[in-house]
Amino acid sequence: MPELDDGAPELVEPVLVAAFEGWNDAGEAASAALEHLASAWDAEDLTRLDTDDYYDFQVSRPRITVADGRHAGLEWPATRVRTARAGGVDVVLVSGTEPNMRWRGFCADLLAIARELGVRRAVMLGALLADSPHTRPVPVTGVASPPELGTDLGLEPTEYEGPTGIVGVLHDVFAEAGIETVSLWAAVPHYVAQPPSPKAALALLRRVEDVLDRPVPMGELPEDARAWETGVDELASEDEDIAGYVRSLEEAKDAAELPEASGEAIAREFQRYLRRRDHG
């Protein structure tokens, strides 16, 4: 386990939030959501996991940085652990590139850090490509341990079975260790998979608000999401095949939406409004 720079800080029942670039991060929505939290909450570095232990540098290559036309050094792939105070809640933010090897050891290291910090709940963020129209709210599915936690949070359960990434493995490790664990997955329209995906990042952050029961400063992200949707509208309008495909996705989505599901969404939005008013 990596040494914490100045020992374990005194945190009060912190919540851990994690996201990783790579397989788990369609449109870079999950990593963007995590970095938004780090910026909004002025997160401070706590430690990093040793890059040599978990990364194959022929797969996850270091990046050369340049400043004022001069070589400024290398940026190695790494996993950062940061801490922040958010609306009276302590938060541990974990971010980086999905490791290439020794996943069991990697997860054991993060679990040991979480235990030393007293983490009571973990939230894993992911994003996947889906047949979802960009004109509708971004679906966020999830899984929670214990299952009652997912019910309390109003999570739409995922039915996915198949290969998983480090987010799925971490979820299993933390849940087995007895830590309340939630995984949230945003559905990014596969026909606009290139980053950024601000609408999907925004959808994840709204669900993070629900888990924390605290408002998250959204900054310019809602405006970015609207601009993104407008831009995709314009691109789709230039190609009749794409426009027709989007209409078919909209029809399928609208036909599948149940009135009670819409009512639950309205209720969640009202709860968020009350939460922001109470903490404003």
**Prompt:** Here are some values of Cα extents along the principal axes in Å: (i) 55, 50, 46; (ii) 78, 42, 41; (iii) 55, 48, 40. Which one was computed from this structure?
**Reply:** (iii)
**Asked** Which peptide among 193-205, 52-64, 70-82, 135-147 comes first, and what is the full order, when sorted by highest mean count of other Cβ atoms within 10 Å?
**Response** 193-205, 135-147, 70-82, 52-64
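Considering only protein heavy atoms, what per residue accessible area in square angstrom results for the chain with a 1.4 angstrom probe? Walk me through the numbers on the way to the answer.
On the way: 14760 Å² over 280 residues.
Here the per-residue accessible area is 53 Å².
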**Item:** Cα-only radius of gyration and Dmax that characterise the stretch 158-230, units Å
**Value:** 14.8, 44
**Extension reserve of the residue 172-residue 65 stretch, reckoned as 0.36 nm per residue once the Cα distance is removed** = 34.9 nm
**Prompt:** How much length is gained on full extension from residue 48 to residue 234, taking 0.36 nm per residue of separation minus their Cα-Cα distance?
**Reply:** 62.7 nm
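Using a 1.4 Å probe on the protein heavy atoms, what percent of the accessible area of the chain belongs to carbon and sulfur? Provide the component values of the computation, followed by the final result.
Values: 7270 of 14760 Å².
Looking at the chain in its full context, I get 49 percent from C and S.
Please give the calculated 222 nm ellipticity per residue for the chain, where each DSSP H segment of at least 4 residues contributes -39500 (n - 2.57) and the sum is spread over every residue; nearest 500 deg cm²/dmol?
Working: 9 runs with 117 residues, N = 280.
After summing the helix terms and dividing by residue count, I get -13000 deg cm²/dmol.
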**Prompt:** Sorted by accessible area with a 1.4 angstrom probe, largest first, how do 164, 83 fall?
**Reply:** 164, 83
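The values are calculated or read from the model by the stated rules, or taken from the named source; none is laboratory data. All figures in this text were calculated on a predicted structure; none of them were measured in a lab. Using ideal geometry, Cβ is built from the backbone for each residue, glycine included, and neighbour counts are taken over all protein chains shown. Quick note on the areas: whole protein, heavy atoms, side chains included, nothing else; ligands and nucleic acids left out. Shrake-Rupley method; radii C 1.70, N 1.55, O 1.52, S 1.80 Å.
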